[in-house]
1. Across region 144-151, in residue order, what do the Karplus-derived ³J(HN,Hα) couplings come to in whole Hz, using 6.51 cos²θ - 1.76 cosθ + 1.60 with θ = phi - 60° and x for Gly and Pro?
2. Using unit Cβ charges (K, R positive; D, E negative) and no other charged atoms, how large, in debye to the nearest 20, is the dipole of the chain about its Cα centre?
3. Starting from the amide H of THR25, placed 1.01 Å from N in the peptide plane, find each other amide H under 5 Å away whose residue is 5 or more places distant or on another chain.
4. If the reach is capped at under 28 angstrom between alpha carbons, list the lysines near LYS54, excluding any in the same chain fewer than eight residues apart.
5. If you add up the charges near ASP218, with Lys and Arg at +1 and Asp and Glu at -1, over every other residue whose beta carbon is less than 13 angstrom from its beta carbon, what do you get?
6. Excluding SER131 itself, what net charge comes from residues whose Cβ is under 12 Å from its Cβ, given Lys and Arg +1 and Asp and Glu -1?
7. For region 106-173, take N as its residue count and report Rg(C-alpha) divided by 2.2 N^0.38 Å.
8. Can you sort MET164, MET221, MET146 so the residue with the fewest Cβ neighbours within 10 Å comes first?
Amino acid sequence: MSETKAPRIGVDPYLDWLKGEGIPTVEDFGVDLFGVETRPWARLGVGGAAVHLKGRGDFVNMFVLDIAPGAATSPQRHLYEEVLYVLSGRGSTTIEAADGRKHTFEWGPKSLFAIPLNTKYRHFNGSGSESARLVTTTSLPAVLNMFHNEAFVFDNPYSFEERMGQSKYFTGEGDFTPTLPGQHMWETNFVPDLAAIELKTWDQRGKGSKNIMFILADGTMHAHISEMQVGTYKKAHRHGADFHVMCVTGQGYSLLWFEGDKDFRRVDWKHGTVFAPPDRMFHQHFNTSPTPSRYLATAFGSLRYPFTESKRKSLTGGGGAGGLKQGGVSTSVKLGGDQIEYEDQSPRIHELFLEATRKAGVKVEMAAFG
Ligand SMILES: [Fe+2]
């Protein structure tokens, strides 16, 4: 009888790959991205770390990249999607299409951009004195766990020319497509400054709430940005795991709880804080800043390509082209959605906000909320 080998079950090819990369992995409910320690990452030639949030779900992860003054990443190409946000520093990224055409754009703090699928790219730090820190949300876990073959994912010659989009998408220009509040789309590959981009009103999510949905490099990776006005907070809602919520401007806190919980979990945030509400955990965002607060959310499953039924319901309400309706994230639980209207929320939620804004010296603008 031949020797029995240990059964090969429960394999996570992404985590196995990550172990071999020699970079630290930070795992937590929420993380201060400015506090993440990076180590030299041979694959990229710059500092790197992986970030795994409690609510990251099955499909996405984050990497933090530190590019030293004057340094650059070595050329990369891969079969997973990537949405990058610039935490600090200034530099540029060059994207090279299969036919050799190159697009270069310059980024700074609070820029957002995507790498079109499987294109060659490099990031350059344009400063001789300041390092640059970027955070990227990627679909590597989904892709590596699907194919479990590193060469296929990192050394694949296939060219997805349709993902490049128009040349203007690399210059900060884009195409705006109005649909419904909360679903207005800005299609591009590069947003120079998330603090400056014009947002559209989405009152269904809360008083004075504003938002824009991004379609980046015609991707399955999702990104949107939301804004809360001074002295306000949004309505609570819930959805599937993997929305990575990052504060871009202002400051405040979020409360999170599962249905039936007696207490809230609280996350205080400012620029650089990221957390991901776990699957079906209610969460509610509160602005305590004397300025509007904006946050970026990245996820797997976009408005155009939701990928899962859960994202389709959350983002489009099950509607598709020609069948637009508010998604579950902005529809009352009483109507079969996943949002708690102000008048249905626990009174403690408003009391806590009154206390937090009193401490911060901010006037509450929620008088007509109930
Ligand atoms: Fe949410």
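What follows is calculated from the coordinates using simple rules that are stated; it is not laboratory data. Small disclaimer: the values here were computed from a predicted structure and weren't measured. So basically every Cβ, Gly included, is an ideal-geometry build from the backbone, and we count neighbours across all protein chains shown.
1. Per-residue couplings from phi come out as 5, 6, 6, 9, 5, 8, 4, 4 Hz.
2. With only Lys, Arg, Asp and Glu charged at Cβ, the dipole is about 520 debye.
3. ALA50
4. Counting by Cα, and skipping residues close in sequence, LYS54 has these lysines nearby: LYS19, LYS110, LYS210, LYS234, LYS235, LYS262, LYS270, LYS311, LYS313.
5. Details: positive: ARG163, ARG304; negative: GLU81, GLU161, GLU162, ASP175, GLU187.
With Lys, Arg at +1 and Asp, Glu at -1, the net is -3.
6. Value of the local net charge: 0.
7. That works out to 1.35 for region 106-173.
8. Details: MET164 22, MET221 27, MET146 16.
Final ranking by Cβ density, sparse to dense: MET146, MET164, MET221.
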